[in-house]
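Here is the structure we will look at, set down as C-alpha cells.
Every number in this text was worked out from the coordinates using simple rules, so none of it is lab data. Since we're looking at a predicted model, the values are computed, not measured. Positions of Cβ are generated from backbone atoms using ideal geometry, with glycine treated the same way; all protein chains shown enter the neighbour counts.
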C-alpha cells in the first residue's frame, strides 16, 4: 500500500469532479463573450465599410453635382471672370434677378433637401449674388475674406467645412466650390446645408457603446466628429487596447477617411472577467478542498495500514481507533473485528497443533493393530502359496494392498491411477465372493490417470453400487463400469460409477439427492445414502462447494453416480 499514491488519486478525482465542470462552464461563457465581441466587430465593420461609406459618398456626390451646375451657365462664369454684369439672353431682367432664377433652378434640381443658403463670391470679395430659402443673413466682409482664404489654403479644391457658429444661428455644413475659367480660379460658390440632417444620417450607424464617427483628411484634420468639440482639430492617435475597437475606410472624396471607434460593452467585459475569476476561484477552492478531503480520507487508511503492519510482525492486540460513523468508520470496525478473529484463530490454531500432536501419538498407537493384521495377511498369503491355494493367496494380497492403501496418511490427494488400483483390489475380493455374478469394467483413459483426486472416493461408491444395486437385483449378470472424462476448458474432471442393478424410483432418487444437500447423513433414503453422503461431504470440504456427487437412476435399469472434481495435476 502506498498512501501517497492513494492521496494523489483521490486528490485528482476530487479536483476533476469540482474544477472541471466549473471550468467548462466558464469556458463556454468566455467563448460566448468572445464570439459576441467578434460578431459585433464584424457587424460594425460591415455597416461602416459598406452602408455608411456609401451614404457619405452619395451625399458628397450630390453636393458636387449641385455645385457643378454652375458650369451649365457660361454667362455666369464669364460674369464672374470678367467682372461683368450677369445677363440672360433675353436681356430683360436685371442681374440680381437673373442670378436668383439660376439659384432657384439649382435648388429645385438638387437632390439635397436641406440647403439653407447659396451665394457666389468673386476673388476680390464682391458678392455676385445669393439665394436664401428662409433666412436672409448679412455677409460681413471679414466672413467673406475668411471663405476666400479657406479656398486658397485648400489650393482651390472643393472643400467641406462644418461650422457650429454660423450666420444662421445653427450648425451647418458649408461646401466651398471654386469656380474656374480657362483653368484659373475666378470665384467661389458657397452652399450652406443644415448639419442636423447629415448628423442624423451618420449617427444612425453609431449603435455601439461609446461609439465615435469621424471624417478626417490625410493630416487627420477632423471635418466631422460625433463630438462637436473635436471638429476642426487634429485627431489624436487612435486609442488601442483590448477594450477599444478601431476601423477606418477611405471615402471617394480625395484625401478623406471615414473612421469609427467604439468600446466593448462593459457588460461583456464584466462577464468575461467574472468567467476568469470563476475559473481561478474554482480551481483554488478545488485544490484546497481536494487536498483537505484527500488527507482526511486517507489519514484513517494510513493509520489502518500501520496497524496491519503491527499485526504482520506479531502484535495481534493492535486496534484502530474509530472516530467516525461513515464508511471509513465501518471499515475500521470491520478491521478491529478481523483482528480479533485472527487472534482467536491463532489461539485456536495453537491449541489444535497441541491436540494434533497428541492425535498423532494416538494414531501411531492405533496403527499397531492394522499393522498386525497386515502382517498376518502377508503370512497367510505365503502359506497359501506354499500350499498351492492361489485363490486364497489372491484374496490375501488384495486385502493386504487395501489395508496398506488405507493406512497411508501422507496426503489427502492421490492420482486417479492409485485410486483405481485400490478399487481393482476391492473388485478382486468381490469377484471371489460373488463368483460368476458380478463383472467389472475399468475404462480409465491414459490421459487422466495422472490427475489428482481426493483419496478413497471411488471404493465407497463401488461398494454402494454392489450392496444396494446389483446384489438385490434379480439380474444374473451384474456389471460395474468405472470411467472418467476431463474437461480442460472448464477445468473439471468427472468420474462415473455405473451399474445395471435395481435402480431407484423417482421418489427415492429425490430423497437421496435431498439428503446429499443436507448436513445429516441419516434420512429416509436408508443406509445406502450414508456412503454417498460421506463422499459428497468430503469432496465439498476438500475441493469446494461447487464440486460433489450427482446421481442419475431409473427403476429396474440401473444407476450412475457422477463425481465432479477439479482438474488438478498429480504430485
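Listed values, structure above:
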| item | result |
| --- | --- |
| Highest to lowest packing among 62-72, 391-401, scored as the average C-beta count within 10 Å | 391-401, 62-72 |
| Extension gain, residue 489 back to residue 140 (0.36 nm per residue minus Cα-Cα distance, nm) | 113.8 nm |
| Contour minus Cα-Cα distance for residue 51 and residue 114 (0.36 nm per residue) | 20.6 nm |
| Between region 124-141 and region 26-70, the Cα center-to-center distance that results, in Å | 38 |
| Inter-site label distance for residue 564 and residue 182 at 7 Å from Cα along Cβ, in nm | 12.9 |
| Exposure proxy order (Cβ contacts within 10 Å, fewest to most) of 118, 380 | 380, 118 |
| Ranked 438, 470, criterion: other C-beta atoms within 10 Å, fewest first | 438, 470 |
| Inter-part distance where region 487-506 and region 192-226 are each reduced to a Cα centre, Å | 105 |
| Net lengthening on full extension, residue 169/residue 334 (0.36 nm per residue, minus Cα-Cα) | 49.6 nm |
| Simple label model, 7 Å out from Cα along Cβ direction - residue 434 to residue 210, nm | 11.3 |
| Principal axis dimensions, largest first and in whole angstrom, of region 410-569 by Cα | 41, 34, 30 |
| Cα→Cβ-extended label distance, 7 Å offset, between residue 550 and residue 412, nm | 2.3 |
| Cα-based shape type of region 73-197, given that a ≥ b ≥ c are square roots of the gyration tensor eigenvalues and the cut on a/c is 1.5 | oblate |
| Fewest-first sequence of 296, 124 by Cβ atoms within 10 Å of each Cβ | 124, 296 |
| Euclidean distance of C-alpha centroids, region 535-571 and region 403-448, integer Å | 17 |
